[in-house]
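The values are calculated or read from the model by the stated rules, or taken from the named source; none is laboratory data. Given the structure is predicted, the values throughout are model-derived calculations rather than measurements. Backbone-built Cβ (ideal geometry, glycine too); neighbour counts: all protein chains shown.
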Amino acid sequence: MDFRDESSATILINVFDTTDNLNLVSQRFIPYNDTTSYIAQEIIPTSDGGAMLLGYTGFAAYVNDFFQQLSYSREPTSHFLLKLNRDGELVSIHGKPIVQTSECILVPNPGKDVCKAVLAVQNREAELFLYNLSGQLLLQKHLSQPETELKIMLLRPGTYVYKVMTKGKQIGYGKWVKN
């Protein structure tokens, strides 16, 4: 799933865990802070319970105004190979996590006056904390929906840090940029 709009430079790989009937059990977001689109062509299960994702990078994403949907050009610039462990974390060939996955993320990133907190399905509610770079708490918001709109028009353009907690456990953190 790709939560990109025209102003965003973050691509998210959304890793799902489902039952045999394809009911969603859990999900994790793997952010990539670049403008490359990752299109998985093949998913191969591995003996450790994880998976290898094979595909293409470099597809140019654009919004088709007539259909109002995200489309991709068909000219891949390179290939990719990603390894996920059984917990849905992106790992190196040695099995160590290389990118922190998250169960809540702010999109679009960068954004303007409104952004959304996207909460993974396994978390029914959580608490979001948004700080400036001096560590001052600017916003605290209770999240109880899969997507919660945050009106942040009063914040100045700049970089902010967020964390998301549920039941005393941190389930997400990162930086968010306001243009």
Looking only at the range 41-57, which residues are farther than 18 Å from Arg28 by Cα, surrounded by 13 or more Cβ atoms within 10 Å (Cβ to Cβ) and either touching a Lys or Arg at 6+ places or on another chain (Cβ under 9 Å) or touching a residue at least 24 places away in the same chain (Cβ under 8 Å) (or both)?
Leu54, Gly55, Tyr56
From the list Lys167, Lys151, Lys175, pick out the single residue that is modelled with pLDDT under 95 and closer than 15 Å to Ser102 by Cβ.
Lys175
If we scan the range 151-163, do we find a residue that is within 21 Å of Asp17 (Cβ to Cβ) and either among the small types (Gly, Ala, Ser) or over 16 Å from the mean Cα position of the chain (by Cα) (or both)?
no
Pairs under 9 Å by beta carbon, first residue without any contact (Cβ under 8 Å) to a residue 60 or more places away in the chain in the range 115-133, partner assigned to a loop (DSSP other than H, G, I, E, B) and hydroxyl-bearing (Ser, Thr, Tyr), six or more apart or different chains?
Leu119/Ser144; Arg124/Ser144; Glu125/Ser144; Ala126/Ser144
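Here's a check for you: in the range 1-28, which residue that is of a type in the set (Gly, Ala, Ser) and modelled with pLDDT under 75 is surrounded by the most Cβ atoms within 10 Å (Cβ to Cβ)? Can you show your working first?
First pass over the range 1-28, keeping only residues of a type in the set (Gly, Ala, Ser): 7-9, 26.
Next, only the ones that are modelled with pLDDT under 75 stay: 7-9.
Details: Ser7: 11, Ser8: 18, Ala9: 14.
Filtering first and then ranking leaves Ser8.
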For Gly168, state whether it is without any contact (Cβ under 8 Å) to a residue 12 or more places away in the chain, over 19 Å from the mean Cα position of the chain (by Cα) and on the phi > 0 side of the Ramachandran plot.
yes
Within the range 68-106, the residues that are over 20 Å from Ile43 (Cα atoms), assigned to a loop (DSSP other than H, G, I, E, B) and at pLDDT 75 or above are Glu103
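Each row is one residue, and each column tells you yes or no for (1) surrounded by 18 or more Cβ atoms within 10 Å (Cβ to Cβ); (2) within 16 Å of Val121 (Cα to Cα).
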{"site": "His142", "(1), (2)": "no, yes"}
{"site": "Pro146", "(1), (2)": "no, yes"}
{"site": "Glu149", "(1), (2)": "no, no"}
{"site": "Arg156", "(1), (2)": "no, no"}
{"site": "Tyr162", "(1), (2)": "yes, no"}
{"site": "Met165", "(1), (2)": "no, yes"}
{"site": "Lys175", "(1), (2)": "no, no"}
Residues that are assigned to a strand (DSSP E or B) and either surrounded by fewer than 21 Cβ atoms within 10 Å (Cβ to Cβ) or touching a Gly at 6+ places or on another chain (Cβ under 9 Å) (or both), drawn from the range 112-121:
Val114, Lys116, Ala117, Leu119
